[in-house]
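To keep things clear, I will list the structure first and then write my remarks on it.
What follows is calculated from the coordinates using simple rules that are stated; it is not laboratory data. None of the values given here were measured: they were computed from a predicted structure. Because the Cβ atoms are built from the backbone with ideal geometry, glycine has one as well, and the counts that use them run over all protein chains shown.
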Amino acid sequence: MKSYRKTLTFTTRRKMELIDITEEVEKAVEESGVKEGLCLVNSMHITSSVFINDHEPGLWEDFLRWLEELAPYDPERYKHNLTGEDNAHAHLKRQVMGREVVIAITNGRLDFGPWERVFYGEFDGQRPKRVLIKIIGE
Ligand code: ZN
């Protein structure tokens, strides 16, 4: 069995940002040489997410607005911020959007359904944050 590990680092310009990382994940699959297997992609931080959805800018704005309604930034609102942080909202947003995705690899390619793309969701950015890609298979 082959095994391949790679990390990507993102330092977003804004505090919250959604980034399509599908091409980076495809590149890692190519580098791994795996033709049949599984590809795990996860955020290595507890205030950012990896998820699969549509490459459609209107939807990205919908996600960000919906997350802000669910867990507004409002530093006074959360017990976690009594630790001196102001990122409780980002922990909650990450929990809703998920930590990781697993994608099947078939014939050396990501075996997506129609319209599926991989995204990195940053909710407490403007500092370097890492995403882990782990690929196993033959
Ligand atoms: Zn925190």
Place a label point 7 angstrom from the Cα of ARG130 along the Cα-to-Cβ direction, then list the residues of the range 26-69 whose backbone nitrogen is under 13 Å away. 42-46
Distance cut-off 24 Å, Cα to Cα: go down the list LYS15/LYS134; LYS27/LYS93; LYS2/LYS27; LYS93/LYS129; LYS35/LYS93 and report the pairs above it. LYS15/LYS134; LYS27/LYS93; LYS35/LYS93
Report, by chain and number, residues whose modeled amide H sits under 5 Å from the one on THR12, excluding near sequence neighbours (fewer than 5 apart, same chain). GLN126, ARG127
Relative contact order computed over the chain (Cα-Cα under 8 Å; 6+ residues apart), in percent: 54 percent
Residue-ordered couplings for the range 2-9, obtained by feeding phi - 60° into the Karplus form 6.51 cos²θ - 1.76 cosθ + 1.60 and rounding to whole Hz (Gly and Pro as x), are 8, 9, 9, 10, 8, 10, 10, 10
With r defined as the distance between the Cβ atoms of GLU30 and GLU100 and R0 fixed at 30 Å, what FRET efficiency is calculated, to the nearest 0.05? 0.90
What 222 nm value per residue comes from the helices of the chain, counting each DSSP H run with n ≥ 4 as -39,500 (n - 2.57) and dividing by all residues, nearest 500 deg cm²/dmol? -8000 deg cm²/dmol
Give the calculated FRET efficiency between HIS91 and GLU69 to the nearest 0.05, with a Förster radius of 22 Å applied to their Cβ-Cβ distance. 0.85
Through the Karplus equation 6.51 cos²θ - 1.76 cosθ + 1.60, θ set to phi - 60°, convert the phi angles of the range 15-24 into ³J(HN,Hα) values in whole Hz; use x for Gly and Pro. 5, 10, 7, 10, 10, 6, 10, 4, 5, 5
Rounded FRET efficiency, nearest 0.05, which uses the C-beta distance separating GLU76 from ASP54 and R0 of 25 Å: 0.15
Based only on Cα atoms, what mean projected area does the convex hull of the chain have, in nm²? 8.5 nm²
Cα atoms only: what Rg and Dmax, in Å, come out for the range 1-65? 13.9, 43
